[in-house]
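So the structure is just underneath, and the comments pick up after that.
What follows draws every value from the coordinates through simple rules; no lab data is involved. Since we're looking at a predicted model, the values are computed, not measured. A quick note on method: Cβ atoms are made from the backbone with ideal geometry, for glycine too, and the neighbour counts reach across all protein chains shown.
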Amino acid sequence: MWTREELKIKAKGVLGRSYWKALLVSFILAMVSGRSGNVYQSFNLIRNDRVDLPELNEIINLNPRVFISLIWIAIFIGVTIFVASMVFKVFLGYPLEVGARRFFISLTARDAEVNSLGYSFKNGRYMNIIKTMFYTNILIFLWSLLLIIPGIIKGYAYSMVPYILADNPTIHYKRALELSEQMTRGEKADIWVLDLSFIGWYLLGALACGVGIIFVNPYVNATKAELYITLRKKALKNGLFRYEELNNTSM
């Protein structure tokens, strides 16, 4: 049985020896995962400053052909941005996320290097990591289409997949999902409460125009790595996997 206090104490101890490296890795992870909040802040800035735009009536009163052309241009730009962001996330974001998880897993036992971010790009790892991460996120998305709650539950059920790939990047994608579900079985509510326990830190970080959140992320990521280590030990003790399966040390 684990507690939030234990995980956080261990995370603080880990960050005490490698905080600045953890900060850099966390910043890169936030960028590639799209959780930095910059887009939302930019939207608020534009809205609050009331940037002058043509009035809707003027647009509607344009020549119909011009109006239709503007619509198609807007659609094309929107689709292009969406496709480009998805390509970036799949082919660069997913591997970097797994590399970041590898960094924090290594940090729980010893000092780790920032070059762990490139862990996923070595031969024999890249395509399997992309396939597994993509498949995982598609499943979460499909569950979310049913209702928000099932999507959240599956999100927690598959939350250990990046860490499992960080331990063994060649594991079969179905096995990675199965093992993540087994690890989080009966733990989802506690993991959710663990996430909620960081709200105060995020609110505190938001007081500095959101910049302070950057300094909170290493604490969160280190705590989540400690959680994975704990769940991995429990799963090994219960015979859910062989030791060799999640300790692929080939570099």
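Ordered by the count of other Cβ atoms within 10 Å of each Cβ, fewest first, 119, 173 give 173, 119. Largest GNM mean-square fluctuation across 154, 131, 237, computed for the chain with C-alpha springs under 10 Å, falls on 237. Distances over 22 Å make up what percent of all Cα-Cα pairs in the chain? Roughly 61 percent, once rounded to a whole number. Computed from Cα positions, the angle between helix 126-146 and the longest principal axis of the chain comes to roughly 70 degrees. Every helix of 4 or more DSSP H residues in the chain counts as -39500 (n - 2.57), and over all residues that averages to -23000 deg cm²/dmol at 222 nm. With the crude spin-label approximation of a point 7 Å out along Cα→Cβ, what separation in nm comes out for residue 17 versus residue 247? According to this spin-label approximation, the distance is 1.9 nm.
Label reach from residue 146 (point 7 Å along Cα→C-beta): in the stretch 179-198, amide nitrogens under 16 Å belong to 181. For residue 233 and residue 193, a Förster radius of 22 Å and the Cβ-Cβ distance give a FRET efficiency of 0.60, rounded to the nearest 0.05. If you plug the beta carbon distance of residue 115 and residue 65 into 1/(1 + (r/R0)^6) with R0 = 51 Å, you get a FRET efficiency near 0.40.
Only alpha carbons enter this Debye calculation for the stretch 180-219, each as an equal point scatterer, and the log10 of I(q)/I(0) it gives at q = 0.31 Å⁻¹ is -0.94. Residues 174, 12 in ascending order of nearby Cβ atoms (within 10 Å, fewest first): 174, 12.
Between 0 and 90 degrees, rounded to the nearest ten: what's the tilt of helix 173-184 against the longest Cα principal axis of the chain? Once rounded, the angle reads 70 degrees. Close lysine pairs were tallied over the stretch 4-246: pairs 8 or more places apart or on different chains with Cα atoms under 19 Å apart number 25.
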